[in-house]
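The values are calculated or read from the model by the stated rules, or taken from the named source; none is laboratory data. Computed from a prediction, not measured in an experiment: that's the story for all the values here. Because the Cβ atoms are built from the backbone with ideal geometry, glycine has one as well, and the counts that use them run over all protein chains shown. Surface accessibility is based on the protein's heavy atoms, side chains included, excluding ligands, DNA and RNA. Shrake-Rupley method; radii C 1.70, N 1.55, O 1.52, S 1.80 Å.
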Amino acid sequence: MDTKNSLGNFATDIKYALDATTIIAITNNKGEIIYVNDKFCTISKYKREELLGQDHRILNSGYHPKQFFVTMYRTIAKGTVWTGEIKNKAKDGTYYWVHTTIVPFLDDSGKPYQYISIRTDITDRKATEENLKLTLKRLASTNKELADIKYALDASSILAITDNKGIITYVNDTFCEISKYNRDELLGQDHRMLNSNFHPKSFFKDMWKKIGKGQIWKGEIKNLTKEGKEYWVDTTIVPFLNDNGKPYQFVAIRKDITDRKKVEEMILRSEKLALIGELAAGVAHEIRNPLTSLRGYTEFLKDETTEEEKQQYFDILLDEIERIDFIVGEFMLLAKPKVLNFSRKNVVSTLTQIVNFLKTEAKYKRVTISTAFGSDEVFVQCDENQLKQVFLNIVKNAIEAMPNGGELKINVKNVAGNVTIEFQDQGVGISKEKLERLGEPFFSTKEHGNGLGLMVCFKIINDHKGIMEVESEENIGTKFKISLPIAK
Ligand code: ADP
Ligand code: MG
């Protein structure tokens, strides 16, 4: 066996294998490139001619500090192998990373006469690493942002976290301060311990329905402190969902609005007092007329009267008493509103009852009532007697507005979650100036009117979270339009 030959083959094989897999360059001791393999040309995108005779600065990316190359050069100049990772710039300006090993070849005096550098492409690995670093950096900054936001929230708001059953798992200091409970008393409890019984059961039921579905709920809640004092909080509850989309906890952010609520309540009360005062004066005035006639006819009754006259006077007396009773009744309704008796009712059926009730009177006054209800059933949350009162007054007004007869059209439409009831008559209409006074107490253009009906109607519709609008053209007719939210 020819050892020299087989050793020679072995060396060629290694060179071949290296050449095929590695980026190789040889520089002389002045740093000039004297050899590059094909892979070197491919990755650097330079032609061989462009590289030979140059030094490695041609590939400098500017990424590494000067010190980096100084250290490298010092190491190899001493005859020591250097390894490191270098970011280079290719001819087209793109960057690539190479893991680099530089092996100095020494002459007889121990000085390097050339350097062979062996490089592998690590651009992909570096990209991954850099991405990771970037992500980590971003993560760190979001985490910090989150921490900052939490801090700001904590300092400015009343915070609580409950689990999905409503058990309190976290409260901040502000929560303890406002509720006057200490933390230990709150954790493990649910929010019912703060309940003021001000809100109806349905209020909290609706809230739970919403947040249970993963939706944010906002509202104003009146709570009680440990000492039984009332406080109001503007509340936002944010559900946090697990992978199945089910809430696993609720974060409640609250603001103390007790002062604002107090002012609001005061304004409401004073407005109402003003209204009642205004009304009372009107009522007194309105009652004086029937009282005058009551006195007059009672005087007459003392005198000699025929049986027939007596009967006539009694009828008048009863009429006047009824009138007083009516005015006082309407006044009471406003001044001291009964507790409304809300339930889910079919408003079409309520309306039908009123129409049937007034049909005879309408016919007698040559008014036809035509209806287009669209559907037999539209449910609203209402106090049915109050709605009857509204419909009654509007239909009566319409009949009274058509002294020579005509048609009253009533239609019912469903528009975007609301039911709209329209009453269109062909009556005398209302002038612009009078339209503005509609709903004012005792504003009436009728000889025997009392001008309370529409005021009561506006109030009732308002209590039902609805709107009542009026359009009118003189001698053409008037349209009363009532919109109420449909109950599901
Ligand atoms: P009243 O019917 O006792 O006069 P209302 O409050 O019911 O009191 O109505 C106030 C006033 O509004 C009426 O006097 C009338 O001038 C006007 N009005 C109400 N409805 C109509 C209508 N459909 N057409 C014309 N005017 C109307
Ligand atoms: Mg009326």
Expressed in nanometres to one decimal, the distance between label points 7 Å along Cα→Cβ at residue 487 and residue 343 is 0.9
Extension length gain for residue 255 and residue 15 (0.36 nm per residue less Cα distance), in nm, is 78.7 nm
Whole-percent carbon and sulfur contribution to the accessible surface of the range 334-453 (1.4 Å, no ligands, DNA or RNA) stands at 49
In nm, the gap between the two label points placed 7 Å beyond Cα toward Cβ at residue 263 and residue 209 is 3.4
Binned at 10 Å from zero, the C-alpha pair distances of the chain give percents of 3, 12, 14, 12, 10, 9, 8, 7, 7, 6, 5, 3, 2, 1, 0, 0, 0
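Given an 8 Å cut-off on Cα distances and at least 6 residues of separation, report the relative contact order of the chain as a percent.
7
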Residue span residue 124 to residue 71: 0.36 nm per residue of separation minus Cα-Cα distance leaves a gain in nm of 16.5 nm
Simple SL model, points at 7 angstrom along Cα→Cβ for residue 431 and residue 146; separation in nm is 7.0
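With viscosity set to 0.890 mPa s at 25 °C, what whole-number translational diffusion coefficient in µm²/s follows for the range 77-188 from Stokes-Einstein and a Kirkwood radius over Cα pairs?
In µm²/s, the coefficient rounds to 122.
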Counting only protein heavy atoms and rolling a 1.4 Å probe, one gets per residue an accessible area for the chain in Å² of 63
Expected sort for 362-369, 347-354 on mean C-beta neighbours within 10 Å, highest first, is 347-354, 362-369
Low-density loop chymotrypsin sites (Phe, Trp or Tyr not before Pro), the range 26-90, at most 15 other Cβ within 10 Å, DSSP non-H/G/I/E/B, are 63
Measuring from its Cα centre, the range 1-155 shows a charge dipole (+1 at each Lys and Arg Cβ, -1 at each Asp and Glu Cβ) which, in debye to the nearest 20, is 380
For the chain, longest principal axis from Cα atoms; helix 66-77 axis from its Cα atoms; angle between them, nearest 10 degrees, is 30
For the chain, the dipole about the Cα centre with charges only on Cβ (Lys and Arg +1, Asp and Glu -1), to the nearest 20 debye, works out at 2680
Of all trypsin sites (Lys or Arg not before Pro) in the range 165-265, the ones in DSSP coil with at most 16 other Cβ atoms within 10 Å are 165, 180, 213, 226, 229
In units of 2.2 N^0.38 Å, the Cα radius of gyration of the range 383-455 is 1.20
So the carbon and sulfur contribution to the accessible area of the range 1-127, 1.4 Å probe, in percent, is 57
Kirkwood radius from Cα pairs of the range 125-256 plugged into Stokes-Einstein at 37 °C, 0.692 mPa s, gives D in µm²/s equal to 199
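Among residues other than residue 234 whose Cβ falls under 13 Å from its Cβ, what is the net charge (Lys/Arg +1, Asp/Glu -1)? Write out the running numbers ahead of the final one.
Numbers: positive: 218, 222, 254, 255, 260, 261; negative: 220, 256, 259, 264.
Residues close to residue 234 contribute a combined charge of +2.
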In debye to the nearest 20, the charge dipole size for the range 155-276, taken about the Cα centre with +1 at each Lys and Arg Cβ and -1 at each Asp and Glu Cβ, equals 440
Subtracting the Cα-Cα distance of residue 366 and residue 281 from 0.36 nm times their residue separation yields 26.8 nm
Here P(r) for the range 305-453, Cα-Cα distances in 5 Å bins, as whole percents, is 2, 8, 13, 17, 17, 18, 13, 6, 3, 2, 1, 0, 0
